[in-house]
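Just below is one structure, and these are the notes that go with it.
The values are calculated or read from the model by the stated rules, or taken from the named source; none is laboratory data. From a predicted model like this one, the values you see are computed outputs, not experimental measurements. Neighbour counts run over all protein chains shown; Cβ positions are idealised from the backbone, glycine included. In case anyone asks, the SASA skips ligands and DNA or RNA and just uses the protein heavy atoms, side chains included. Shrake-Rupley method; radii C 1.70, N 1.55, O 1.52, S 1.80 Å.
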Amino acid sequence: MNAFIEFLQAFFSFAIIIPFGLFCFLPLKNQLRYHISKIIITFLCLFLVIGSLSAVAIMLFHIDNLNLVLFTDFIIFYFFLKSVTKAGTARCLFVFISVCCLVSFFSLYAYFINSFFQEEISRGVNTSYSLIQMGLTLAVTALLFPLTKYYAWMIDNINIGKVWYLFSILPIALMVSNIYTIPISYANIRVGKVYAKGFIITIFELALYLIVFILFYIFSKTTIEKTKLTERNNILEIQKSYTESLQSYIKYTSKARHDFKHSVHVMSRLADEGNLSALKDYIAQYENSLTVTAPVRICKSDALNALFNHYRQQAIENNVDINWRIDLPENSRILDVDLCSIFGNILENAIDACCTVEKGNKYFNLTSEIRGDCLYIVSTNNYGKPLKMGGKEFSSTKHQGKGIGLYSMKSITDVYDGIFEAGNNDGEFFVNIVMKY
């Protein structure tokens, strides 16, 4: 009976994994591979297994430092977290580290509070400490719950791995500081003002961490919204240009219809006279006078239709042979602004590349089709100017540094759980994109 109670006490010492895991899932709620109920059930079953094994290990080997075993359990949980989410290594690792940092604060405060109830730190299983730690963790988790939607927004919208790795430095530093601050003896923190100073310093560190986190959110939100606003303005400019060209074409065709009867009379007279040479010359002149290209309906989206017609006109003016087959889903979770960004970058880059071809035919093939629940986009074009590489990535031919267009397409593709591929082969550049719509 005593062994069973000892097992339960040891098992409860690892129950901190439950709120820890739930707090990890909250910012990743939009990045889960499976239904949340299935993940939680699997997570609880995993906890029962590793919690039981950890408790047995504590009892059998008389391990005094529970944190060593708990650290191993956290590592196991990280791999579970990574396997059930699609956020990628950088974002998943940051969420794990940031929650570990918060838990380290709760653990440190539990030591401070527990010093009121115990004369000395109890090595090994300490039920009083575990209860305080669990209570603090649940209380602060409930307090911070409203903020997790902002955390989730950052996880969903910031896809730059280097940013998350860089931002991980702060929680790692604070976590190491908290671990180093764990008192060896309660007698030490009762000396003079050590307790008060230690508590105030850790409160200040936690507040600093939350402030930096909030500032990071504000900065990233402002930057991303500014970028999206710029893209929307570009689309509006293209739509304006498309509307103007459409109006110009309407006026031109109206005039052409008015003048066409005179041309018919001239051609009829030349035909009656049997002057085929003059008739052919007149027809050739009339054909050359038809300089305005008619806008065409390529897809149902007005914004995308304007975009395609804008670059179609550029292709015609630069003698680029275009072969486009565009099929887009009517009801899709992919925003028009994101599709415009992807196709806009593809169209601009392809036509610019074709214009560098000095000899031979210029061509640009673009296919967009739906298969199952995925949208497939395949683009190929030839180019004349040598491509520049910066390591394994393509560099821009217009400015210093890597190509922003390719990076933008990859970032948007990642948001929609897609696959992005770009490369070149024998004077031909290709872009392949798969996205779930």
Between exposed GluC sites (Glu not before Pro) in the chain, where DSSP calls loop and at most 13 other Cβ atoms lie within 10 Å, what's the longest gap? 121-329
Heavy atoms only, probe 1.4 Å: what % of the accessible area of the chain goes to carbon and sulfur, would you let me know? 63 percent
Find which of Ile203, Leu138, Val191 sits farthest along the positive direction of the dipole of the stretch 133-222, computed with +1 on the beta-carbon of Lys and Arg, -1 on that of Asp and Glu, about the Cα centre. Val191
Whole-number percent relative contact order across the stretch 293-339, with pairs defined as alpha carbons under 8 Å at least 6 apart: 41 percent
Here the net charge surrounding Phe167, from other residues whose Cβ is less than 15 Å away from its Cβ (Lys, Arg +1; Asp, Glu -1), is +3
As straight-line cross-link partners of Lys280, the qualifying aspartates and glutamates (C-alpha separation under 17 Å, not fewer than 8 residues apart within one chain) are Asp272
Between helix 66-84 and the chain: long-axis angle, C-alpha atoms, 0 to 90°, nearest 10: 20 degrees
Going down the table (Lys359/Lys436; Lys300/Lys436; Lys82/Lys436; Lys221/Lys385), which pairs top 30 Å between alpha carbons? Lys359/Lys436; Lys221/Lys385
If each residue of separation counts as 0.36 nm, what is the full-extension length gain between Thr72 and Tyr150 once their alpha-carbon separation is subtracted? 25.1 nm
What would the Debye equation give as log₁₀ I(q)/I(0) for the stretch 1-113 at q = 0.13, 0.21 Å⁻¹, counting only Cα atoms as equal point scatterers? -0.53, -1.17
Roughly what would the spin-label model give for Lys280 and Thr42, points 7 Å off Cα along C-beta, in nm? 7.4 nm
Could you give the dipole magnitude of the chain about its Cα centre, charging the beta-carbon of Lys and Arg +1 and that of Asp and Glu -1, in debye to the nearest 20? 500 debye
Dividing the helical contributions, -39500 (n - 2.57) per DSSP H run of n ≥ 4, by the residues of the chain yields a 222 nm value, nearest 500 deg cm²/dmol, of -22500 deg cm²/dmol
If one takes the longest principal axis of the Cα atoms in the chain, at what angle in degrees, from 0 to 90 and to the nearest 10, does the Cα axis of helix 302-317 lie? 50 degrees
The chain - percent relative contact order, Cα under 8 Å, separation 6 or more: 11 percent
Roughly how tilted is helix 2-13, in degrees to the nearest 10 and between 0 and 90, from the longest Cα axis of the chain? 40 degrees
Among (1) 5, 22, 32, 25, 11, 4, 1, 0, 0; (2) 4, 16, 20, 17, 13, 11, 8, 5, 3, 2, 1, 0, 0; (3) 4, 20, 28, 23, 15, 5, 3, 1, 0, the entry matching P(r) over Cα pairs in 10 Å bins from 0, in percent as calculated here is (2)
Mean accessible area per residue over the stretch 152-209 (1.4 angstrom probe, all protein chains present, square angstrom) is 58 Å²
